[in-house]
Amino acid sequence: TPGLCTYDPGFTNTASCRSAVTFIDGEKGILEYRGYPIEQLAESSTFLEVAYLLIHGDLPDKAQYEQWVHDITYHTFVHENVKTFMQGFRYDGHPMGMLEASVAALSTFYPESSNITDADNRNMQIVRMIAKMPTLGAWAFRHAQGKPYVYPDNDLSYTENFLAMLFKMSEQKYEPDPRLAKALDVLFILHADHEQNCSANAVRSVGSSQVDPYSSVAAGIGALYGPLHGGANEAVLRMLRRIGSKENIPGFIEGVKNGDEKLMGFGHRVYKNYDPRAKIIKKTCDEVFEVTGVNPLLEIAQELEKIALEDDYFISRKLYPNVDFYSGLIYEALNFPPEMFTVLFAIGRTPGWLAQWLELVQDKDQKIARPKQIYTGDRGLEFTPREERW
Ligand code: SDX
């Protein structure tokens with residue numbers, strides 16, 4: 001049964017999960033959403049069309065696409081009380097913490113969302129979450145910068161609207177460079193889903209208790225926040241900055257081989273080949289840098305990749321660049337500060353989390369997540385009274 005997540009007996013942290021949403025072949029570096037190769041979707045689709053594909057299982061016809069875009073555009077506004085809630089955050093709080101808390105808070109604004117058995121209600125919450133994630137992400141960014149929040153401009157496309165809410169600095173209409181909006185749309189497509197990654201597993205585990213989708217997705221945001229998962233793109237930029245020049249790369253590589261640290265943006269639980277998304281992002285780098293100018297860290301990243309891919313430590317462990325190795329360079333060129341990189345990842349991943357949540361809640365055989373444990377502690381001890389122990 002699609003979506004049935006079971007925990008294999010005898011393995012504490014290995015779960016097997018059947019799903020029809022995303023296919024990955026880690027050895028061959030293949031990624032498909034609902035059977036469509038990621039290369040074709042990145043080349044020819046839009047993020048909202050891919051979101052429809054992930055949620056509904058196939059590409060929309062014209063009427064379906066126009067209705068989907070209309071519905072999402074109509075729901076980009078967030079209740080004013082959520083804005084008040086966000087204004088209570090520390091001024092310099094990490095935007096991912098603000099996003100996680102704000103999405104969880106949405107469950108209190110839509111109490112009907114707990115009725116997960118009603119199909120129309122489920123679809124309403126899915127539309128709301130895809131629509132509001134950029135608004136909440138942009139407001140978290142503006143909050144951390146001490147700037148006034150910018151309301152959605154629904155005359156703009158999804159990605160242009162997001163850029164406007166982030167960077168608009170005056171009353172006149174903000175019109176982002178369409179080439180940059182297109183590049184961001186491609187990045188959202190590339191991050192849209194990735195089968196049973198850590199954050200999708202968190203969404204499924206929490207969702208299996210039949211809680212509302214906002215609480216489930218907030219759990220996914222919390223998992224993505226971690227430096228080994230979504231936080232890696234931010235860590236890559238810090239790593240490249242710390243290396244500082246191509247001359248320092250050999251010394252850095254030695255440190256990695258000595259186990260002092262990991263080469264962030266390299267390696268993957270599933271890909272033991274080049275992450276297909278990294279290839280597309282590398283190409284998108286060139287398109288963005290034509291507009292913004294080349295990010296000086298690109299040269300260090302390219303040399304680091306070249307040296308690592310020729311080094312037996314990485315070859316023997318099948319460590320290749322993953323989706324995070326180059327994405328941060330683009331985000332920085334688009335004027336995003338590093339703490340916003342994982343927020344961008346979360347906005348892109350939202351349709352994938354929701355597609356997997358929907359698959360889970362529609363599966364009548366799904367049981368609550370309950371991993372099997374292998375107990376390794378003491379047994380049958382005798383309690384000694386405190387006066388005898390102290
Ligand atoms: C994402 O799951 C997904 O699909 C995630 C994701 C998605 O779209 O949702 O693709 C997004 O999270 C991408 C990954 C982003 N994280 C990073 O780039 C952080 C750096 N990468 C590593 O932390 C690591 O590669 C992981 C966490 C991604 C995978 O770790 P694993 O599966 O535990 O790696 P492993 O144990 O199979 O590694 C085998 C060996 C080990 O060395 P030995 O013990 O055999 O000597 O390779 C080493 C590891 O120490 N290793 C690395 C390394 N990654 C693994 N050594 C140096 N640098 C690295 N990056």
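Values in this text are rule-based calculations from the coordinates and carry no lab data. Just so it is clear, the structure is predicted and the values come from calculations on it, not from any experiment. Neighbour counts are summed over all protein chains in view; Cβ atoms, including those assigned to glycine, are modelled from backbone coordinates with ideal geometry.
Here are a few things to note about the model shown:
- The length gained by stretching the chain between S170 and L59 to full extension, at 0.36 nm per residue less their Cα-Cα distance, is 36.2 nm.
- For the range 32-170: relative contact order, % (alpha-carbon pairs under 8 angstrom, 6 or more apart): 23 percent
- Peptide packing for 258-271, 369-382 was compared via the average number of neighbouring C-beta atoms within 10 Å per residue; ordered from the highest value, the list is 258-271, 369-382.
- Each label point was placed 7 Å from the Cα along the Cα-to-Cβ direction; for S44 and Q362 their separation is 2.4 nm.
- In this structure, Y313 and F289 have a Cβ-Cβ separation that, at R0 = 45 Å, corresponds to a calculated FRET efficiency of about 0.90.
- The local environment of P338, defined by Cβ-Cβ distances under 9 Å, has a net charge of -2 under the rule Lys, Arg +1 and Asp, Glu -1.
- Within straight-line cross-link reach of K262, lysines at Cα separation under 16 Å, skipping those fewer than 8 residues along the same chain: K318
- Counted charge near G328, where neighbours are those whose Cβ lies closer than 10 Å (Asp, Glu -1; Lys, Arg +1): -2
- Gain upon complete extension [F77, N273; 0.36 nm per residue less C-alpha separation]: 66.4 nm
- Relative contact order (percent, whole number), the range 24-89, Cα cutoff 8 Å, 6+ residue spacing: 18 percent
- Cα→Cβ-extended label distance, 7 Å offset, between E388 and D25, nm: 6.6 nm
- Relative contact order (percent, whole number), the chain, Cα cutoff 8 Å, 6+ residue spacing: 26 percent
- Local net charge near Q67, Cβ-Cβ under 13 Å (Lys/Arg +1, Asp/Glu -1): -3
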